[in-house]
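In what follows, a structure is listed as structure tokens, so that the remarks can point back to it.
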Amino acid sequence: MDLAVDLSTRGDRSTAIYRALLAAIRSGRLGAGDRLPPTRDLARDLGVSRNTVATAYERLAAEGYLEARVGAGTYVTDAAATARPRRRPAALRPRRGWHFTPLAVSGQAPKPAHDFRVGIPDASLFPFDTWRRLVAAELRAGAHSPGTYADPAGHPPLREAIVRYLALSRGLSADADDVLVTHGTQQALDLIARVLVEPGDTVAVEDPGYPFAREVFASYGAHVVPVPVDGDGLVVDRIPDRARIVFTTPSHQFPLGPPLSLERRLALLEFADRHRVAVIEDDYDSEFRFTERPLETLHALDETGRVIYVGTFSKSLVPALRAGYLVAPPTLRAALCGARQLADGYGSLPDQAALAHFLADGMLGRHLRRARTVYGERRALTIEGIETLLAEHLELVPSAAGLHVAALLRDPAVPDVEVVGLAAAEGVVVEALSSYGGRRPGLVFGYGAAETASITPGLALLRTILGQGRPRSR
């Protein structure tokens with residue numbers, strides 16, 4: 001135990017030790033049941049006699065803070081916990097304008113019987129045994145100079161593997177120097193905002209769209225403007241001319257699903273060049289396509305260096321690995337790398353090295369082929385259920401990719417949040433479209449984490465809930 005005791009001033013040293021121990025107990029640094037070091041050991045550490053320490057222990061024991069157990073040592077008593085003084089309310093408050101607080105996350109609640117939560121892959125599909133072997137190999141003594149600080153841009157072999165992966169899967173042309181490894185999409189957006197956003201800047205986002213993108217830009221003082229989407233994706237004509245950044249999900253609009261049409265993609269790039277705008281392309285689940293091949297990425301079409309491409313392995317692997325990346329124009333490389341260094345220094349080098357092998361040795365490709373088969377079956381069951389069991393109440397939004405589908409409520413007066421609450425009470429967890437913005441109420445069905453056998457019964461139960469006339473139209 002490290003005990004801070006000031007023995008520099010003249011006076012009773014036993015009392016100084018007593019006061020230091022009492023402060024540690026009353027503050028909670030020493031809790032009920034904690035064992036104190038033997039008097040001989042503490043005396044040696046503090047450079048005092050054993051009797052000096054024993055006197056302090058005896059005084060605390062007499063006051064009920066400590067108890068000596070024969071043959072076992074000295075321990076803090078249970079009663080000591082009730083002796084802590086109440087702290088005064090802290091005077092510190094967040095800066096003016098800060099209103100962001102943590103939201104509930106999927107890991108805080110037990111898995112529901114019928115799990116249609118959005119953005120959750122099936123962790124049981126991930127090859128954990130293979131991953132453990134890869135990480136263990138990178139944690140061997142002397143690997144990757146563990147006593148030094150690593151490149152904030154990420155492990156070079158991983159950046160090279162990401163470039164090769166993107167070239168093959170998305171037709172994206174980049175150099176390893178263009179890649180910055182992140183802890184996922186959210187960190188990538190935070191780094192971009194840190195580098196590009198000044199208070200008062202206008203940032204255009206899709207509506208409905210990814211809530212945490214809106215929040216991260218607003219947290220840096222941006223004026224966030226929602227731009228509507230339709231069957232062709234983001235309505236480029238509605239982007240304000242004053243926008244400094246446009247955030248979009250062109251491959252699979254989140255959460256509705258349609259891709260950004262080629263005409264709109266070209267229009268967006270022309271707008272960005274004309275107004276000197278940065279475009280953030282979030283390609284969040286392009287690995288999971290079930291029909292036609294995807295359109296070219298904005299990054300592949302960009303000829304003026306306006307697009308920052310953001311990707312994540314959270315869905316293709318598992319969210320717990322916290323692995324993602326961004327591909328930036330050369331003019332932003334140093335700034336983004338510096339922002340990463342300021343934010344958290346660098347990532348976990350053993351994990352990054354393991355992921356580099358996972359990509360380079362073709363293990364990701366094998367995992368994705370297996371996962372697509374499972375997700376494809378779940379997707380088909382979900383779509384079939386919406387189009388048959390729920391056709392009276394819901395209109396499916398066409399979608400060719402991803403781990404979720406959206407459906408609009410046919411009666412726009414029905415509050416989707418109320419539907420979600422009634423369904424949750426029956427063990428069917430689905431998400432309200434209105435929670436992502438937009439004007440039309442609807443439901444968003446994730447099928448990544450759903451048990452295959454639970455999908456159809458869950459949708460049948462939802463039909464019963466909607467058919468009972470609850471919730472009623474307003």
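The values are calculated or read from the model by the stated rules, or taken from the named source; none is laboratory data. For clarity, every value in this text was computed on a predicted model and none was experimentally measured. Every residue, glycine as well, gets a Cβ built from its backbone with ideal geometry; the counts of neighbours run over all protein chains shown. Note: areas computed on protein heavy atoms with side chains; ligands, DNA, RNA excluded. Shrake-Rupley method; radii C 1.70, N 1.55, O 1.52, S 1.80 Å.
Would you confirm, using the coordinates I've provided, whether residue 254 is crowded, with 21+ Cβ neighbours inside 10 Å, under 18 Å from the mean Cα position of the chain (by Cα) and either free of Cβ contacts under 8 Å to residues at least 12 places away in the same chain or farther than 30 Å from residue 370 by Cβ (or both)?
no
Provide a single number: the residues in the range 238-249 that are more than 16 Å from residue 276 (Cα to Cα) and surrounded by 18 or more Cβ atoms within 10 Å (Cβ to Cβ).
2
Out of 463, 379, report the one residue that is assigned to a helix (DSSP H, G or I), more than 28 Å from residue 261 (Cα to Cα) and not hydrophobic (A, V, I, L, M, F, W, C). Can you show your working first?
Working: 379 fails: more than 28 Å from residue 261 (Cα to Cα).
After ruling out the rest, the residue left standing is 463.
Kindly indicate whether any position in the range 94-115 is modelled with pLDDT of 85 or more and not in a loop (DSSP other than H, G, I, E, B).
yes
Checking residue 150 against (1) of a type outside the set (D, E, K, R); (2) touching a His at 6+ places or on another chain (Cβ under 8 Å); (3) at pLDDT 90 or above, which test does it fail?
With respect to (1) of a type outside the set (D, E, K, R); (2) touching a His at 6+ places or on another chain (Cβ under 8 Å); (3) at pLDDT 90 or above, residue 150 is out only on (3).
From the residues in the range 241-250 that are over 20 Å from the mean Cα position of the chain (by Cα) and assigned to a loop (DSSP other than H, G, I, E, B), which one is nearest to residue 285 (Cα to Cα)?
Here the residue is 250.
Restricting the range 437-452 to residues that are open to solvent by less than 10 Å² (accessible area, probe 1.4 Å) and assigned to a loop (DSSP other than H, G, I, E, B), which is nearest to residue 379 (Cα to Cα)?
447
I need a count of the residues in the range 143-165 that are within 22 Å of the chain's Cα centre (by Cα) and part of a helix (DSSP H, G or I).
3
Need at least 3 residues that are open to solvent by less than 60 Å² (accessible area, probe 1.4 Å) and of a type outside the set (A, V, I, L, M, F, W, C) per element, so show me which helices (runs of 4 or more DSSP H) inside the range 1-69 make the cut, counting only ones lying wholly within it. Show your work before the answer.
Numbers: elements: 13-27, 39-46, 50-62.
Those helices (runs of 4 or more DSSP H) span 13-27.
All but one of (1) in contact (Cβ under 8 Å) with a residue 24 or more places away in the chain; (2) out of contact with any helix residue (DSSP H, G or I) (no Cβ under 9 Å at 6 or more places or on another chain); (3) open to solvent by 60 Å² or more (accessible area, probe 1.4 Å) hold for residue 387, so report the exception by its number.
Only one criterion is unmet by residue 387, namely (1).
Can you report the number of residues in the range 99-123 which are loosely packed, with under 10 Cβ neighbours inside 10 Å and more than 16 Å from the chain's Cα centre (by Cα)?
2
If I go through the range 166-220 residue by residue, how many of them are within 23 Å of residue 303 (Cα to Cα), at pLDDT below 95 and within 16 Å of the chain's Cα centre (by Cα)?
Looking only at that region, the number is 0.
When the range 122-142 is examined, which residues are found to be under 29 Å from residue 336 (Cα atoms) and not in a helix (DSSP H, G or I)?
Of everything in the range 122-142, just one residue is under 29 Å from residue 336 (Cα atoms) and not in a helix (DSSP H, G or I), namely 139.
Go over the candidates 406, 423, 371 one by one and state the one that is assigned to a strand (DSSP E or B) and surrounded by 19 or more Cβ atoms within 10 Å (Cβ to Cβ).
None of the other options fit; the residue is 406.
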